[in-house]
Structure formats: structure tokens, C-alpha cells
Amino acid sequence: SPNKQGSYLIEVFTDSEPTPVSVKIDFKDKDFLRTLLETTPSEPNGKNGYFVSNVIVKLIAETNTSETPTTYYKLDEGDYKVFIDPIVINDGIHTLKYYSKTKSLTEEEKSVTLKVDTKPPDITLNIKDLTYTYENTLSIKGELSESGDVYINGIKLNMLSPLSFEGIYALKDGQNFFHLVAIDVAGNRNEKLLTVVLDTTTPVLTVDSPKSNFEKFSNSVLVKGNVYPSNCFVLVNGKMIEVDANGNFDYKLIPSSNNNMLPVNLKAIYPLTDKSVEQKFIVFFEKDNTIKLQVGSKTISVFGETKTLDVEPFIDRTSGRTLVPVRFISEALGFEVSYNAKTKTVLLQKNNFKIELIVGSKFAIVNSVRKNLDVAPVIKDARTFVPLRFISEVMGYKVEWNAETKTITISP
């Protein structure tokens, strides 16, 4: 039984026949067929038998016959395929089965398990990378996307479950740094640097208006004051209002209801820590539906808000009637105003209600009905003036005249 294949010369003789008899014999190995598996990387390059990069597999068939072998493989639950090009194995735990075949020989199926994990574990935390807090103690909680170990500032945490962890830490004033490392079973690492700022600032809210409970307001409630720090959020009845760079705020609260008693709740929130402070008031609120103006004055109050006229109302000496600038008064009462310079006609319109007046004419057309005027509209200081009482009452408003103060009040 020669150890190696080849040609051997055998000589045979006996005591009675001492002359050797020679014979040449050729020995060869038993016919074989085998498949070699090569991987790149050649060995698992992670922990626990894992590859941490994609694996390239080559299958090499060998035989001592003159036949050409064909190699077959299947990955996991797939069908057998003829091996031609290298196989790329992606993430996961995969079973690769393979064998080779010639016309006369068929190799027994072989199997190999390949564990591939190229991705570091994802980390979900209960805090942001930069977190502000006013609490002296911090709980860092989180979850991993896959099983692994977690280290914070080099100290391994006891896992609450294969995926969840928690660490509790005392904080010092100012910045606190935490280096978090998560390592999965394959050895992939994910790192985060957390900065936690201990900030014990409490917002200071100074309210100038309302000054006290049961203060009276008309049409709108003035909410005015200052907040420190200036980057605080200020909410009035749950609505965020504008704060300038110095922390000042000036807001008009217009109630949606007609209730006489109105709550005014102010809240300042320091956004870095969510610390907040509140002040609450109850004020009297009365809706002003009037327009007030004075003969000889350009100041006018429209529903409680003071405005300035271009020209002042005046009293016509002949008729004793008060004339007012038509555009301002009409628009304040919700009418659209247009003027035809060619015909000197003023058209006032609100929905289907129309009023037509002609400069210099003592009649008006109200919804196609002719109405007489005590005094004709006039142009003065490049503005068209109309008799106040007629125009207001036709529009459905009451007009009161105070002779002492020469004040006119228009109300529904």
C-alpha cells in the first residue's frame, strides 16, 4: 500500500526460487471530488463568530479525474444554483449549502453558517444630545435596536432587558458630559456625546397691565409687562405672544365672548428647562360699539380705539348741521366708499344696501328711494363731507349730540 501515487517496481523471490521476478505496477489515489470554501475576510473579524463586513464567498471544486466538475449552492431557503461568480453575503445569520458534481461522482452536501452584522446598534434616548435641566439628578434611559452592552463614561450598565438600559447620575452646576458607547454582540460600536446643563434659573414675570384684579377694559384688554430671561415664552390664556429682545411684551387681548368677567392668565416658560411662573387676573370687560368724535377736533374714538382724522368735523353755519368726512365714518361702520369725480357722486355700499349722494345736492338715493337732506354734501380741504345725522341714521345707527362738549356719539 504505497503512501503516494506513482509507478512502482515490485520484485518477488523465494528460498526455492531465489531469482527475483520483477513487475511494474502503477498506483493512483481513489477517485475523489471535493469543494473548498474560501471567504473574504478569511476569518470572522468581529466578536462571537460574526463578520462585521460583508462576506465574499468563493467555491472551488477539486477532482483527480479528468472530468470537469460543476458546483451548486443555495443560500438559506433558496433554490440550488450553479456557482459562477463569488457570492456576497449581507447582514444576517445565513446558511450556505453546497456540493459539486461530475458525470461519475456526486459530492455529499456540505453546510456552513455565516453570521454577518455590519451595522452598529441604534440608540434611542430619553434626552437630547444637548439637554437643559433644573433637576440635580439625571436619569439617562434608552433602548438599543439589538442586544448589546452599554457603557457610560467607561462604566458598564446593568441592562434592564436585552434592549433597554438606565443610568442615574448626580449633576453639577453648568455643563456635564456623558460619553455613551453601545456595543452589539458582533462588536459594532455606536457612540454618543451628551451634554447636560444644570440651569436653576427661574423666570421672573413682571406685569404692568392689568395692574390688579377687577380693572376695567373696553374692546380689548392691554396685557403689558416684562419677562426675564428674555428668551422665555409668554402665553396669555394659552396663546403665545411676541416678546422683544429685552423681554418686553405689549399685547391686546380681544375676547371672543361678551362676558363682563374675563380671566387673564399669564404664564412665562423658560424653554431651556421648562420652568414656569404664572400670574392670574380677573378683569371687567365691556365691548365699546360706539364712535365718538368732536367738532373742531381730529381725534376720533372708534370702538374704543383712538384714531386721527385727516380733517376735523365742522358745523354748517346755515343749517346748523354737523358735517363729517364721509370716507372715514362710512368705512368705520363697515361700508365701502367710492367716488365718481365726473358726476361728483358718492356711493356707499354694504351688502345689498346702497346710499348715493351728490356733492351740492340736497337729496340722496337710499336703495332707489329718494330722501331729502337738510344740507348738501360739500367738498372741503379736498375731502367730501356729508351730514352726520342723516348718514348715520340711514345706516341704522343712533346719533347723540352733547352741546356742551360738541361731542357726537354714534351707536347701534
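The values are calculated or read from the model by the stated rules, or taken from the named source; none is laboratory data. These numbers come from a predicted model, not from an experiment. Here the Cβ is made from the backbone with ideal geometry for all residues, glycine too, and neighbour counts use every protein chain on show.
Table: residues versus (1) of a type in the set (F, W, Y); (2) out of contact with any Gly (no Cβ under 8 Å at 6 or more places or on another chain); (3) buried (at least 16 other Cβ atoms within 10 Å of the Cβ).
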| residue | (1), (2), (3) |
| --- | --- |
| K128 | no, yes, no |
| T131 | no, yes, yes |
| V150 | no, no, yes |
| F165 | yes, no, yes |
| H179 | no, no, no |
| E191 | no, yes, no |
| L198 | no, no, yes |
| G225 | no, yes, yes |
| K239 | no, yes, no |
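For beta carbons closer than 9 Å, sequence separation of 6+ or different chains, a first residue in the stretch 315-334 that is in contact (Cβ under 8 Å) with a residue 60 or more places away in the chain and over 12 Å from V295 (Cβ atoms) and a second that is surrounded by fewer than 20 Cβ atoms within 10 Å (Cβ to Cβ) and among the aromatic types (F, W, Y), the qualifying pairs are V326/Y339; L333/Y397. All conditions but one from (1) touching a residue at least 60 places away in the same chain (Cβ under 8 Å); (2) under 30 Å from D184 (Cα atoms) apply to K74; the one that does not is (1).
For (1) over 17 Å from R383 (Cβ atoms); (2) at pLDDT 90 or above, each residue gets a yes or a no:
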position: A268; (1), (2): yes, yes
position: S276; (1), (2): yes, yes
position: F281; (1), (2): yes, yes
position: K298; (1), (2): no, no
position: G304; (1), (2): yes, no
position: K307; (1), (2): no, no
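Close Cβ contacts (under 6 Å, 6 or more residues apart or on different chains) running from residues in the stretch 39-68 that are within 13 Å of K101 (Cα to Cα) to residues that are among the small types (G, A, S) comprise A61/S100.
Looking for something surrounded by fewer than 16 Cβ atoms within 10 Å (Cβ to Cβ), hydrophobic (A, V, I, L, M, F, W, C) and within 14 Å of R34 (Cα to Cα) - is there at least one such residue anywhere in the stretch 58-70? Looking for residues that are surrounded by fewer than 16 Cβ atoms within 10 Å (Cβ to Cβ), hydrophobic (A, V, I, L, M, F, W, C) and within 14 Å of R34 (Cα to Cα), one finds at least one in the stretch 58-70, hence yes. When the residues of the stretch 203-220 are filtered to those that are farther than 17 Å from I282 by Cα and surrounded by 16 or more Cβ atoms within 10 Å (Cβ to Cβ), which remaining residue is nearest to the chain's Cα centre (by Cα)? Checked the stretch 203-220; the qualifying residue nearest to the chain's Cα centre (by Cα) is P203.
Tell me, yes or no, whether the stretch 46-64 has at least one residue that is charged (D, E, K, R) and touching a strand residue (DSSP E or B) at 6+ places or on another chain (Cβ under 7 Å).
Start the filter on the stretch 46-64 by keeping residues that are charged (D, E, K, R), which leaves 47, 58, 62.
Narrowing further to those that are touching a strand residue (DSSP E or B) at 6+ places or on another chain (Cβ under 7 Å): 58, 62.
Within the stretch 46-64, one or more residues are charged (D, E, K, R) and touching a strand residue (DSSP E or B) at 6+ places or on another chain (Cβ under 7 Å).
Considering the conditions (1) free of Cβ contacts under 8 Å to residues at least 60 places away in the same chain; (2) in a strand (DSSP E or B), K103 is excluded by exactly one of them, (2).
Among the residues of the stretch 362-370, is any in contact with a Ser or Thr (Cβ under 8 Å, 6 or more places away or on another chain) and either over 21 Å from L293 (Cα atoms) or surrounded by 15 or more Cβ atoms within 10 Å (Cβ to Cβ) (or both)? So far as the stretch 362-370 goes, no, none of its residues is in contact with a Ser or Thr (Cβ under 8 Å, 6 or more places away or on another chain) and either over 21 Å from L293 (Cα atoms) or surrounded by 15 or more Cβ atoms within 10 Å (Cβ to Cβ) (or both).
When L373 is tested against (1) within 57 Å of the chain's Cα centre (by Cα); (2) at negative phi, just one condition goes unmet, and that condition is (1). Of all the numbered requirements in (1) more than 30 Å from P263 (Cβ to Cβ); (2) under 53 Å from the mean Cα position of the chain (by Cα); (3) aliphatic (A, V, I, L, M), V302 misses one, and that requirement is (1).
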